[in-house]
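Colleague: Just passing along the structure, written as structure tokens.
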Ligand code: CTP
Ligand code: MG
């Protein structure tokens, strides 16, 4: 009886939330959650990835970010910017301070606007000019608000309530809900491309053909809204490198391997970012890693950034994960759920260590979907082939849209790995099979883009055992406490919080 009343009450709350979310979605149309693009043809899927990268990059070039004093100044800023050309989108968000991201219809408007911006009088610092601006309170603000308010959208991430979970009638719908709620939003993606674009501006003077591409969870379709930004800097795309010309640029040459080249140059770029680029703080060059990177934080956007040099395998891997997510609609909700489950159960952490990273969990899910008795995903080598015969093969694979229930797949995933023979078996996502482990690493997953390498080389035995045990516990919880995500997400901490407040917001903690 009590259960029926509780669920009826939750349904009322949920219906109310449903109706308010309808208007929310109407207002913010494409600004928040995008549906998973289902059942595209292979070439359409490739195009959609290409489109995502090119469209977002162009959008970022037409955008400026302004630190405004408070939300109320949004209308003034809009009207001020409008003088320089038509505004396509204006988004207000709060990250400690208030900001507005303004996208113009035309890139020229940005240069015109920048030509009118000045520096502070006491600015003895390096007078860098970027597309990150600041609204001054110098008395010019006479604007008292127009009866016709500017179309500035305020972006806030909608909270997820316990009632939402209780009102969904299956594990599958809860997983879909989680995926919809946690995935990277339109604003999140815009800001990530904006950061790449402003760094590109900085280097553009010396390297006019340089590109900074985002990769990893920012573009692979399985990124959370609080994910980091992984970037690759390509100083000179191949097509510009060799060209028949009478004159050649005189450049500095050094005889060195790719790694030393990365280390030497990243060291210099780290100094430049630290000293010249506003809002980039906490710059740490990590040059001894297998792939040398510069780490820093973009304060205004509140995003952790990693910049590497000329390492294109990350981009290829991101495209593969994106395509797999489009290939079968179950892939993304399953990866999101597994990664979130690992996070709230302290099996994965933001910093690298002897545990599995989010990327490793994604690959673990992909291997499972390739290895189950009725494979849902193809071996990655099928997607890497480029001849025309293989294109036809890829198309066939794309037409086979999965019919499984994603909730069942989660249970199958937990069952599959909780008892897997990691001791003697390695996984190959490239071939979609298993093979005898070539070394003594506790967990061996062959890197599909460099088969000599183990993606999980860092994982130690303790973490692997912890993972398998946690999978058994999760299976038990799903079978005994009912097939609900709540039973596997409720860590001791969140259970305590749940008793106090009737909200699961605390089950979705922010990344520390
Ligand atoms: N990568 C890889 N091989 C590894 C580690 C990383 O190819 N051993 C590539 C993958 O394309 C991965 C990207 O580098 O997506 C970024 O790595 P990371 O930030 O660790 O993973 P993300 O997928 O971006 O996940 P997160 O949300 O935790 O940032
Ligand atoms: Mg990342």
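Colleague: I'd like to check something: does the range 208-216 contain any residue that is surrounded by 15 or more Cβ atoms within 10 Å (Cβ to Cβ), within 16 Å of ligand 2 (Cβ to nearest atom) and either in a helix (DSSP H, G or I) or in the same structural domain as residue 343 (by TED's automatic domain parsing) (or both)?
Modeller: The answer is yes; a qualifying residue exists.
Colleague: Looking at 492, 469, which is the one that is modelled with pLDDT under 70 and in the same structural domain as residue 346 (by TED's automatic domain parsing)?
Modeller: Numbers: 469 fails: modelled with pLDDT under 70.
After applying the criteria, what remains is 492.
Colleague: Still on this structure, please answer the following. Would you point out the residue of the range 202-220, among those that are more than 18 Å from residue 292 (Cα to Cα) and modelled with pLDDT of 95 or more, that is farthest from ligand 1 (Cβ to nearest atom)?
Modeller: Here the answer is 219.
Colleague: Okay, next question. Pull out all pairs, ordered by first then second residue, where Cβ-Cβ is under 6 Å, the residues are six or more apart or on different chains, the first lies in the range 51-62 and is over 10 Å from residue 214 (Cβ atoms), and the second is modelled with pLDDT of 95 or more and loosely packed, with under 14 Cβ neighbours inside 10 Å.
Modeller: From residues that are over 10 Å from residue 214 (Cβ atoms), the pairs are 61/107; 62/107.
Colleague: Tell me yes or no: at least one residue of the range 252-262 is buried (at least 19 other Cβ atoms within 10 Å of the Cβ), more than 13 Å from ligand 2 (Cβ to nearest atom), over 19 Å from residue 101 (Cα atoms) and not assigned by TED's automatic domain parsing to the domain that holds residue 107. Walk me through how you get there before you give the answer.
Modeller: Start the filter on the range 252-262 by keeping residues that are buried (at least 19 other Cβ atoms within 10 Å of the Cβ), which leaves 262.
After this cut, where a residue has to be more than 13 Å from ligand 2 (Cβ to nearest atom) as well, the list is 262.
Right, trim to over 19 Å from residue 101 (Cα atoms) and you get 262.
Subset that is not assigned by TED's automatic domain parsing to the domain that holds residue 107: 262.
Checked the range 252-262: at least one residue is buried (at least 19 other Cβ atoms within 10 Å of the Cβ), more than 13 Å from ligand 2 (Cβ to nearest atom), over 19 Å from residue 101 (Cα atoms) and not assigned by TED's automatic domain parsing to the domain that holds residue 107.
Colleague: Could you tell me which residue of the range 350-387 is nearest to residue 336 (Cα to Cα), considering only residues that are part of a loop (DSSP other than H, G, I, E, B) and within 16 Å of ligand 2 (Cβ to nearest atom)?
Modeller: Step one: filter the range 350-387 for residues part of a loop (DSSP other than H, G, I, E, B), giving 350-357, 372-379, 385-387.
Keeping just the survivors that are within 16 Å of ligand 2 (Cβ to nearest atom) gives 350-353, 355-357.
Values: 350: 15, 351: 19, 352: 19, 353: 21, 355: 18, 356: 15, 357: 13 Å.
Ranking the qualifying residues of the range 350-387, first place goes to 357.
Colleague: Within the range 293-310, can one find any residue that is in a helix (DSSP H, G or I) and either away from ligand 1 (no atom under 16 Å from the Cβ) or surrounded by 21 or more Cβ atoms within 10 Å (Cβ to Cβ) (or both)?
Modeller: no
Colleague: Sticking with this structure for a sec: Scan the range 93-114 residue by residue and report those that are in a strand (DSSP E or B) and farther than 15 Å from residue 194 by Cβ.
Modeller: Result: 94, 97, 98.
Colleague: Would you check which residues across the range 349-370 are more than 8 Å from ligand 1 (Cβ to nearest atom), under 25 Å from residue 432 (Cα atoms) and free of Cβ contacts under 8 Å to residues at least 60 places away in the same chain and list them?
Modeller: 361, 365, 368, 369
Colleague: Here are some conditions: (1) in contact (Cβ under 8 Å) with a residue 24 or more places away in the chain; (2) buried (at least 19 other Cβ atoms within 10 Å of the Cβ); (3) more than 20 Å from residue 450 (Cβ to Cβ). Residue 317 meets all but one. Which one does it not meet?
Modeller: (3)
Colleague: Please list, ordered by first then second residue, the pairs with beta carbon atoms under 6 Å, 6 or more apart or interchain, first in the range 226-252 and assigned to a loop (DSSP other than H, G, I, E, B), second modelled with pLDDT of 80 or more and within 16 Å of ligand 2 (Cβ to nearest atom).
Modeller: Listed pairs, sorted by first residue: 227/217; 228/304.
Colleague: I'm trying to understand the selection: among the residues of the range 389-419, which are modelled with pLDDT under 95 and either under 30 Å from residue 438 (Cβ atoms) or in contact with a strand residue (DSSP E or B) (Cβ under 7 Å, 6 or more places away or on another chain) (or both)?
Modeller: If the condition is that a residue be modelled with pLDDT under 95 and either under 30 Å from residue 438 (Cβ atoms) or in contact with a strand residue (DSSP E or B) (Cβ under 7 Å, 6 or more places away or on another chain) (or both), then 390, 393, 394, 397, 418, 419 are the ones that fit.
Colleague: Could you say whether any residue in the range 322-331 is under 14 Å from residue 219 (Cβ atoms), within 15 Å of ligand 2 (Cβ to nearest atom) and in a helix (DSSP H, G or I)?
Modeller: yes
The values are calculated or read from the model by the stated rules, or taken from the named source; none is laboratory data. All values derive from a computational prediction rather than experimental measurement. All Cβ positions, even for glycine, are placed from backbone atoms using ideal geometry, and neighbour counts span all protein chains on display.
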